[in-house]
Amino acid sequence: MQSKIAEKHSSLSQPKVEERFAEIDGARIRYLQAGSGPALILLHGLMGYSFSWRFNIPVLSRHFTVYAPDLLGTGFSDRPAQLDCRLCAVAERVLKFFQAIGVSTFDLLGTSHGGATAMMTASLCRQHPELHLRKLVLVAPVNPWSAHGRRLAPFIGSPLGSVLFLRSMNYMRWAFKYLLARLYGDPQRIRAGTLEGYAAPVLSIPGSFEYGVNIVRSWTEDLRQLEQTIPQLADIPTLLIWGSSDVAVYAQSAEQLRRHFKHCEVVVYPGVGHLPYEETPEQFNATLLEFLRRPLPEQQSSAR
């Protein structure tokens, strides 16, 4: 009886996660919203969507109003024809998402390609005085100092490479499990339902792999532009989180990225892969909350 009462109390105290939709440039974007308090935006990686944050939203939403969009072209959002997938265009749509949901002051977290998008979005925010980015969290972000993908991405984005990739993905769905395991430092940590969750929109909505191909078509130029942009972000309090066993974006690039920020911390989890928010979510949530709830650098100075 006591265990049932405790279970009921726990479910009642858990903030409700709501599925919502907004319109951007005539297309419908799906997002999850939960909690109350300061706004926290979560940007998923290249082939992810809001599902990526399933172990984080329940905890984070006790302290923040959490918004987790499926960026256009991914998840259960629309896949508009001729969608501009250059990094700057993706970041501009993130700004339009802020406007659509009525958010002006926020913390921003991005992972993998979403991390690159978050950095470009932070740069664009400087052109909008009505927007106030408090803190930036980058989880294994795609960056100019990680060599991984520099040759493969342009090939996949080429006319021949894109045809070969799209055809192989349609006939090699058995490889999804292997590809997911590669992103974990310890595949034994993959929880039940993970593969099915990531596969759901890919298998049910056409255009998911095409979005990925369109992203990598401008990979080289996007990294070049990002390298020029990052120094503009120096004053933003920033947290870098990596797994030491990340085979997608090398953890060695964290130090080179850190040097461009005045107030930046680096946390590396030993033996963890590219998805620390779902491989070791308890540790990840604790690290994130400790950083986000800490006073801003100027507030710490004035308190002394």
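I'm told residue 226 meets every condition in (1) over 18 Å from the mean Cα position of the chain (by Cα); (2) in a helix (DSSP H, G or I); (3) buried (at least 20 other Cβ atoms within 10 Å of the Cβ) except one. Can you identify the failing condition by its number?
Status for residue 226: all satisfied but (1).
Taking segment 30-46 on its own, how many of its residues are surrounded by 20 or more Cβ atoms within 10 Å (Cβ to Cβ), among the hydrophobic types (A, V, I, L, M, F, W, C) and either in contact (Cβ under 8 Å) with a residue 60 or more places away in the chain or part of a loop (DSSP other than H, G, I, E, B) (or both)?
Number satisfying all stated conditions: 5.
If I filter segment 258-284 down to residues being within 25 Å of residue 58 (Cα to Cα) and of a type in the set (D, E, K, R), which single residue comes out as surrounded by the fewest Cβ atoms within 10 Å (Cβ to Cβ)?
Per the criteria, the residue is 282.
Go through (1) over 29 Å from residue 254 (Cβ atoms); (2) modelled with pLDDT under 95 one by one and return the number of the condition residue 28 breaks.
Single failed check for residue 28: (2).
Considering only segment 191-208, how many residues are in contact (Cβ under 8 Å) with a residue 40 or more places away in the chain and either under 18 Å from the mean Cα position of the chain (by Cα) or loosely packed, with under 12 Cβ neighbours inside 10 Å (or both)?
The qualifying residues number 7.
Would you mind stating whether residue 211 is under 26 Å from residue 70 (Cα atoms), of a type in the set (Ser, Thr, Tyr) and either in a helix (DSSP H, G or I) or free of Cβ contacts under 8 Å to residues at least 60 places away in the same chain (or both)?
yes
Spot the failing condition for residue 115; the list is (1) of a type outside the set (A, V, I, L, M); (2) at pLDDT 95 or above; (3) not in a helix (DSSP H, G or I), and only one is missed.
All conditions pass for residue 115, except number (3).
The values are calculated or read from the model by the stated rules, or taken from the named source; none is laboratory data. Keep in mind the model is a prediction, meaning the values are calculated, not measured. Counting neighbours? That spans all protein chains shown, and the Cβs are built from the backbone with ideal geometry, glycine included.
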